[in-house]
Each structure stands twice: as structure tokens, then as C-alpha cells.
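Peer 1: Input: one structure, supplied below.
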Amino acid sequence: MKIHGIHHVTAITSSAERIYDVFTNVLGMRLVKKTVNQDDIYTYHLFFADDQGSPGTDMTFFDFLGSSKAVKGTDEISKTGFRVATDDALLFWINRFDQFQMRHEEILDICGVKCLPFWDFDDQAYLICSDEQHQGVKPGIPWKNGPIPDQYAIIGLGPMVFKVSHPTRFDQIVTEVLGFHQVQSEGQMIRYELNEGGLGASILVEYDPDSNRAVQGFGAIHHVAFRVSKRSDLDAWIKRLNALGYRHSGHVNRFYFESLYTRMYPNMLFEFATDGPGFIDDEEDYLTLGEKLSLPPQLRKSRRQIEALIRPIDTSDTNRKREKSI
């Protein structure tokens with residue numbers, strides 16, 4: 001049942017094409033899988049991660065048709081954190097965001113973590129955070145063909161930021177159920193870690209009792225997933241959630257990993273996801289990850305129908321030259 005950290009985070013975008021451009025050309029993260037939402041085949045599901053699609057490094061996006069813009073507020077997963085190796089890397093990212101005219105703030109110290117806040121075209125909120133003083137969950141591998149020098153590259157997820165109106169209730173969930181412990185508090189913000197620690201196993205919780213409840217849409221986070229090792233861990237979590245009286249999805253096979261979904265806190269969807277099998281599979285090898293529309297086995301018989309329903313997006317990276325930034 002041990003949780004090893006953040007597995008992935010899934011958000012909603014208004015444009016699959018534009019988010020592909022931002023994540024590959026600006027942020028230097030690799031598209032490791034271009035597929036569809038397995039519960040809504042009209043919707044793309046894009047997975048951006050490190051060079052090999054390692055668990056704990058991927059942010060994924062849905063582009064739901066007809067989605068409205070998110071209404072920010074309380075009781076939401078409010079920001080996605082990314083890890084870089086050093087404090088100096090944050091200075092590199094300030095210059096890069098200025099170059100690409102991406103909105104950002106100055107570097108902040110948030111509960112002992114040096115972070116650079118920034119936003120994309122949908123007002124989706126992010127942090128780039130320095131690993132320099134934080135040891136724990138192993139980082140990922142910089143994308144070899146990406147535009148970012150290895151010493152500045154994004155190497156994983158964390159910390160995630162949650163905004164809540166009932167901090168005592170949320171604290172009980174993350175400490176007594178999920179196994180996090182408080183590390184540091186500062187004003188209305190608390191930082192938690194679990195097990196191995198480090199930013200890849202870290203969350204930030206902000207107390208916000210005054211805002212209206214957030215409403216999902218493009219520019220918002222859909223859910224966050226926590227890492228477990230294998231299917232038997234999911235089975236153990238199913239028993240534990242049953243014993244605690246939390247409703248859940250039961251086991252769901254996503255092919256690239258296996259999952260379990262639950263809502264333990266209002267307005268937030270949590271997932272438990274296994275580290276494997278991973279994104280290198282029978283359809284794509286390491287060199288061609290993300291280049292074609294990939295489908296899990298249960299959808300492959302409908303490939304013609306799916307390809308007719310969704311617009312093509314050119315994600316062929318094998319022969320695309322990206323100069324390393326300086």
C-alpha cells in the first residue's frame with residue numbers, strides 16, 4: 001500500500017495543439033503518448049514526461065469539446081509543481097519565460113522551497129521548484145532531444161498545490177489515510193511529505209476559507225495520481241477505502257498503468273496509479289514515443305472511427321531539430 005510520491009497530474013486545456021507547443025518547445029518535456037480519453041474518445045489525452053516516460057514525471061491533458069474556462073476558487077488542486085535540479089535553474093527559466101512572453105512572478109520561498117510561479121495561455125497555474133536542498137524521490141531523465149540543457153531541465157513533478165476551505169478535514173485525509181506528514185508551515189500554507197520525501201513526494205496545502213468553490217474547465221486540474229508499485233497495492237487500497245467508507249471506482253486498467261479513483265475530499269479527484277507497465281509498448285518503442293495516435297487494446301478495433309472523429313495533430317519529433325537553449 002506504500003505511496004511513493006506523485007505519479008501524474010491531469011489537467012484540461014482549450015487547445016491540444018497549443019499545449020503540445022508549450023510543453024515540447026518551451027518547457028522541454030517529451031510527448032510520450034498521444035492517445036484519447038478512454039472514457040470519451042472525442043477527446044485527446046496527451047502525456048508529457050521525461051525522456052523515458054518515467055512515473056512521477058508526467059503531466060497529461062484532456063481537450064474536452066465545449067469546455068468552458070475554469071473558475072478559480074477554493075477546494076481545488078490549484079497548481080502543478082515541476083522539479084529542476086538547482087536554484088540557478090530557476091534563473092534560466094525566468095529568462096526563458098521572458099523570451100517566450102509567458103506570464104510569471106519572481107522566485108518565491110514557499111515553506112522552504114524555492115519556486116517560480118508561471119501560467120500558460122489558459123491561465124493554468126504552475127510552479128518550477130528547486131531540488132537543491134531537497135533529497136528524496138529520484139528525479140527523472142531530461143529529454144535528450146529537447147531544447148533545454150540538462151542542467152536546467154524539468155526532471156519531475158512536485159510539489160502539487162491544494163487550496164482548501166476545511167484544512168482540518170484535508171489534513172486528516174492526507175495524514176491518516178495517505179500517510180503524509182507536516183514538514184513546515186508558513187501563514188496559510190503547509191508543506192507535507194511522505195515516505196522517501198523530497199519534492200516528488202511533496203504537497204503544499206493553502207487554507208482559503210473565503211473564496212467560492214472552484215469550478216472545473218480548461219485551465220484547471222482534473223485530478224492528481226499517487227504512485228503505487230503494483231496491482232496488489234491497488235487491491236489493498238480498495239480494501240482500505242471500503243473500510244473507511246470512501247466511494248471509489250474499483251480497479252481500472254488504463255493499459256499504460258492500472259488505476260483506482262476516489263473522491264475523499266469535496267470537489268477533488270484522487271487516483272492511485274501503478275508504476276508500470278509504462279509508455280513503451282507494443283505500438284511504440286523508445287524512439288517513436290508520442291509520434292502517432294496510440295490506442296489501448298480495447299479501442300484498437302475502433303481505430304478508423306476514432307481517427308475520423310478527432311483532428312490530426314503533427315507530433316513527429318524523430319526528425320525535428322530543436323536547438324538547445326543557452
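Peer 1: Count the DSSP beta bridges whose two residues both fall in the chain, then state the antiparallel fraction as a percent rounded to the nearest 5.
Peer 2: Bridges in the chain are about 70 percent antiparallel.
Peer 1: Here's a follow-up. Output the Cα-based Rg and Dmax of the range 28-149 in Å, rounding Rg to one decimal and Dmax to a whole number.
Peer 2: Both quantities, over Cα of the range 28-149: 15.6, 43 Å.
Peer 1: A further question on this structure: Among 146-159, 248-261, what's the highest-first ranking by average C-beta atoms within 10 angstrom per residue?
Peer 2: Highest mean packing first, the order is 146-159, 248-261.
Peer 1: Distance cut-off 25 Å, Cα to Cα: go down the list K33/K239; K114/K138; K2/K138 and report the pairs above it.
Peer 2: Exceeds cut-off: K33/K239.
Peer 1: Kindly provide log₁₀ I(q)/I(0) values, in the same order as q = 0.10, 0.12, 0.14 Å⁻¹, from the Debye equation applied to equal alpha-carbon scatterers of the chain.
Peer 2: The Cα Debye sum returns log10 ratios of -0.54, -0.80, -1.13.
Peer 1: Rank-order 283-291, 50-58 by packing density, defined as the average count of other C-beta atoms within 10 Å over each peptide's residues, highest first.
Peer 2: Listed from highest to lowest mean packing, they are 50-58, 283-291.
Peer 1: Based on DSSP H runs of at least 4 residues, each adding -39500 (n - 2.57), what is the mean residue ellipticity at 222 nm of the chain after dividing by all its residues, to the nearest 500 deg cm²/dmol?
Peer 2: It lands at -4000 deg cm²/dmol.
Peer 1: Can you tell me the Rg and the Dmax, both Å, for the Cα atoms in the range 1-60?
Peer 2: Rg then Dmax for the range 1-60, in Å: 12.2, 38.
Peer 1: Can you give me the C-alpha center-to-center distance between the range 138-179 and the range 71-105, rounded to a whole angstrom?
Peer 2: 13 Å
Peer 1: Among rounded, prolate and oblate, which fits the range 119-210 when a ≥ b ≥ c are the square roots of the eigenvalues of its C-alpha gyration tensor, a/c under 1.5 means rounded, and a/b larger than b/c means prolate?
Peer 2: Verdict is oblate for the range 119-210.
Peer 1: Taking the Cα centre of the chain as the origin, how large is its charge dipole in debye, to the nearest 20, when only Lys and Arg (+1) and Asp and Glu (-1) carry charge on their Cβ atoms?
Peer 2: The dipole of the chain has a size of about 860 debye.
Rule-based calculations on the coordinates, nothing more; no lab input. The structure displayed is predicted, hence computed values, not measured ones. Cβ coordinates were reconstructed from backbone atoms using ideal geometry, including for glycine residues, and neighbour counts include every protein chain displayed.
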